[in-house]
1. Residue check: is L49 part of a helix (DSSP H, G or I), touching a strand residue (DSSP E or B) at 6+ places or on another chain (Cβ under 9 Å) and either modelled with pLDDT of 90 or more or not basic (K, R) (or both)?
2. For the structure I just gave you, tell me whether N99 is among the polar types (S, T, N, Q) and surrounded by 13 or more Cβ atoms within 10 Å (Cβ to Cβ).
3. Of all residues in the range 146-170, which are more than 27 Å from the chain's Cα centre (by Cα) and in a loop (DSSP other than H, G, I, E, B)?
4. Take the conditions more than 17 Å from the chain's Cα centre (by Cα) and not in a strand (DSSP E or B) and apply them to A116. Does it pass?
5. Name the one entry in D91, D100 that is within 21 Å of L61 (Cα to Cα), of a type in the set (D, E) and at pLDDT 90 or above.
6. Quick one: is S79 in a helix (DSSP H, G or I) and modelled with pLDDT under 90?
7. Quick check on the range 37-55. Is at least one of its residues of a type in the set (D, E) and open to solvent by less than 50 Å² (accessible area, probe 1.4 Å)?
Amino acid sequence: MRPTSVLVSITPNPKATTCSSGSGAEATRSSVSSLVRDVSESAEFERRLWESAHFDGLTGLPNREYLLAELEQSLAGRSTTTCAPAVLFIDLDRFKVVNDAWGHAAGDQLLRLVAARLSNVIRSGDLLARFGGDEFVVLARNHDGVAELLELGRRVIRELETSFRLGDHI
């Protein structure tokens, strides 16, 4: 006869667990060895490890690896009736001059400011990633064609043409 209920009681000794199964007088009792372990620290460690492998530590943006996986997925999942995803590659001119003249802290601040500004101009559903160094990429998914992409490019350029303030430097 198949048991109609299972009762598990954990005793103060986490290695000894008592299980009862069955119903009424037919219930049987047996001891089962078990180990109760809190895996929340392990799960948190795995989450942080995944995040550090897929996101840029300086800007918080997705990194190159994450971007390439998303691009591959976007290409694989598109239908023949929709526009292919587009990639806008952004390279900051004269970034090395900022690092050389004002130090790496100023360069890091500039990269964070650029990331914030670019985040404000991309469309919902697009992906902004830091490709590496002073390079950023926008993965434009679900667009209506060249005109929309050109407008996105113009918004990016306008946003980056505005001066940046880095401490006492502009």
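The values are calculated or read from the model by the stated rules, or taken from the named source; none is laboratory data. Bear in mind the structure is a predicted one, so any value in this text is a computation, not a measurement. As a convention, Cβ positions derive from the backbone with ideal geometry for all residues, glycine included, and neighbour counts pool all protein chains shown. Just so you know, the surface numbers come from the protein's heavy atoms only, side chains and all, with ligands and any DNA or RNA stripped out. Shrake-Rupley method; radii C 1.70, N 1.55, O 1.52, S 1.80 Å.
1. Spelling it out, it is not the case that L49 is part of a helix (DSSP H, G or I), touching a strand residue (DSSP E or B) at 6+ places or on another chain (Cβ under 9 Å) and either modelled with pLDDT of 90 or more or not basic (K, R) (or both).
2. It is true that N99 is among the polar types (S, T, N, Q) and surrounded by 13 or more Cβ atoms within 10 Å (Cβ to Cβ).
3. T162, S163, R165, G167, D168, I170
4. Taking the combined requirement at face value, the residue does not satisfy it.
5. Just one listed residue meets the conditions, D91.
6. So S79 fails the test.
7. no
Quick grid of which residues meet (1) under 22 Å from G153 (Cβ atoms); (2) in contact (Cβ under 8 Å) with a residue 60 or more places away in the chain; (3) not hydrophobic (A, V, I, L, M, F, W, C):
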| residue | (1), (2), (3) |
| --- | --- |
| Q73 | no, no, yes |
| D93 | yes, no, yes |
| W102 | no, yes, no |
| A115 | yes, no, no |
| L139 | yes, yes, no |
